[in-house]
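Enquirer: My questions will all concern the structure given below.
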Amino acid sequence: MRIPTLLSAARGTMGALALTAFASLPAWAQEAAEEVAEEAAEAAPAFAASDETAFIFNTLLFLFGGVLVMWMAAGFAMLEAGMVRTKNVSVQLTKNIGLYSIAGLMYWVLGYSIMYVDVGSYVGTFWPYGWPEAGSTNEGDYSVASDWFFQMVFVATAASIVSGTIAERTKLWPFFIFVVVLTGILYPITGAWTWGGGWLSEMGFSDFAGSTIVHSVGGWAALAGAIVIGSRIGKYGPNGAVLPIPGSNMALATLGTFILWLGWFGFNGASQLAMGTNADISDVSRIFANTNLAAAGGVVAALILTQLVYGKVDITMVLNGALAGLVSITAEPLTPSPFAAIVIGAIGGVIVVFSVPLLDKLKIDDVVGAIPVHLFAGIWGTLVVPVTNADASFGTQIVGILAMGAFTFVASFVVWTILKATMGVRVSQEEEVNGLDLSEIGVEAYPEFSAAGAR
């Protein structure tokens, strides 16, 4: 009788212990989970405060946009390589990588400080720019170096415009000297008037991403160079005849156009200058969409118009129609509606189709059509800003266009004239006929096409 009793007691005791353990299990699990969470919280880095998060995203926008705009240098190189003859391809490629590098150096030596540092009404300081030491915390809404980088790639774009216009007859080193002056002094001065907070900015001049500040300034410098240097041999005949000089490779020219189109999303989109809030990133998205619509409008307008005017579609006009649409929307890519963006870009394409033959009538030889694309379409894009942006006025826009145009054209004309008088800006007739690849570079892009490369 005692054994069953003991067994029953043991079973009861074990059951009670099991019940107690089971009842305490949730509390123990909760305590363990809390300990693990505390350890993880101590090990994990603190999440950035909201203002620091905005700083990070703004800086990323500058860097990503700057990389896209830097890639436009490749676009200009390919576009020009396709629009010139085979005997001049190497020199154009050399000019493009050279001008990008010179622009970067000069914008550090002088350009950025003239444009942004302690700007009064007209100009900043003449001194190399610098940024905080490694590992230090930057003040403001974005990092200092990211802003310099983003602004630097813009000045290189202005210099690229000049390169294409005066191709196939200009010496290499006088061109590079002009680039030094343009990127280190001329462009930064007009930039100080506007983006640097100078007198035009105070008047209310509006140019969101640079239809005038970048593109028209480059166009005015190119126009001055084309006038001083003159046209290519064989471009214009007697009695006002215009003799076409076809480019060597439309595949390269088309590739260059697509690269420029891609880079323009950084050009316009990152000019929002902020990506740290819902509203900012939404505006960046809107700018991307409007930029694409404007380019498409320029293409379709050029397609239709060249068919109607010439009876055939001209691929060079179509490519420049895309670029003109992009330049046109650059002054204000945020506020237009989708339809307005298409119309603005389409009118840019129309401008190209009619202004290219106008320049030929004036015997101004623009090899790649950069003056119609960047100067004329840039003026149009800047003028139309008040239509969609109520904060801008037509009077102020006109003042800005005329002021920057007059300064850049006159100053560029003087520089080109000095270069022409002192060291000469144009190759000899024999060198031009044989091609600048031989006389200026010594490396032909297509040696198998020339007598020198024949075997």
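Readers should treat all values here as calculations from the given coordinates under stated rules, not as data from a laboratory. A quick note: this is a predicted structure, and the numbers were derived from the prediction, not measured. Quick reminder, even Gly has a Cβ in these numbers, built from the backbone with ideal geometry, and neighbours come from all protein chains shown.
Enquirer: Let me spell it out: the conditions are (1) touching a helix residue (DSSP H, G or I) at 6+ places or on another chain (Cβ under 9 Å); (2) more than 24 Å from SER206 (Cβ to Cβ), and ILE418 meets all of them except one. Which number is the exception?
Expert: The one condition ILE418 does not meet is (1).
Enquirer: Being of a type outside the set (Lys, Arg), within 16 Å of the chain's Cα centre (by Cα) and crowded, with 24+ Cβ neighbours inside 10 Å narrows it down to one of PHE64, PHE76, so name that one.
Expert: Working: PHE64 fails: crowded, with 24+ Cβ neighbours inside 10 Å.
Within the list PHE64, PHE76, the selection yields PHE76.
Enquirer: Within region 151-186, how many residues turn out to be closer than 30 Å to GLN429 by Cβ and in a helix (DSSP H, G or I)?
Expert: The total comes to 18.
Enquirer: Of all residues being under 14 Å from ILE229 (Cα atoms) and small (Gly, Ala, Ser) in region 374-429, which is surrounded by the most Cβ atoms within 10 Å (Cβ to Cβ)? Just the residue, please.
Expert: If we take residues in region 374-429 being under 14 Å from ILE229 (Cα atoms) and small (Gly, Ala, Ser), then SER412 is surrounded by the most Cβ atoms within 10 Å (Cβ to Cβ).
Enquirer: Out of (1) within 24 Å of VAL67 (Cα to Cα); (2) in a helix (DSSP H, G or I); (3) in contact (Cβ under 8 Å) with a residue 60 or more places away in the chain; (4) not small (Gly, Ala, Ser), what's the single condition that is false for TRP148?
Expert: Every condition holds for TRP148 apart from (3).
Enquirer: Scan region 293-312 and report the pairs whose first residue is within 21 Å of GLU332 (Cβ to Cβ) and whose second residue is assigned to a loop (DSSP other than H, G, I, E, B), with Cβ atoms within less than 9 Å and a gap of 6+ or a chain change.
Expert: Cβ pairs passing all conditions: LEU293/PRO336; ALA294/PRO333; ALA294/PRO336.
Enquirer: Further question: Taking region 319-341 only, how many residues are in a helix (DSSP H, G or I) and over 20 Å from the mean Cα position of the chain (by Cα)? Even if it seems obvious, please write down each step before you answer.
Expert: So the first thing to find is which residues in region 319-341 are in a helix (DSSP H, G or I), and the list is 319-330, 338-341.
Cutting the leftovers down to over 20 Å from the mean Cα position of the chain (by Cα) gives us 338-340.
The number of residues fulfilling the criteria is 3.
Enquirer: Can you name every residue in region 228-247 that is surrounded by 14 or more Cβ atoms within 10 Å (Cβ to Cβ) and more than 26 Å from the chain's Cα centre (by Cα)?
Expert: VAL228, ILE229, GLY230, SER231, ARG232, LYS235, TYR236, VAL242, ILE245
Enquirer: Consider region 187-217. How many of its residues are surrounded by 24 or more Cβ atoms within 10 Å (Cβ to Cβ) and not in a loop (DSSP other than H, G, I, E, B)?
Expert: Final tally of qualifying residues: 14.
Enquirer: Under 7 Å by Cβ, and 6 or more places apart or on different chains, what pairs join a residue from region 81-110 that is more than 22 Å from ASP366 (Cβ to Cβ) with one that is in a loop (DSSP other than H, G, I, E, B)?
Expert: Matching pairs, first to second residue: TRP108/PRO128; TRP108/TYR129; VAL109/PRO128; LEU110/PHE126.
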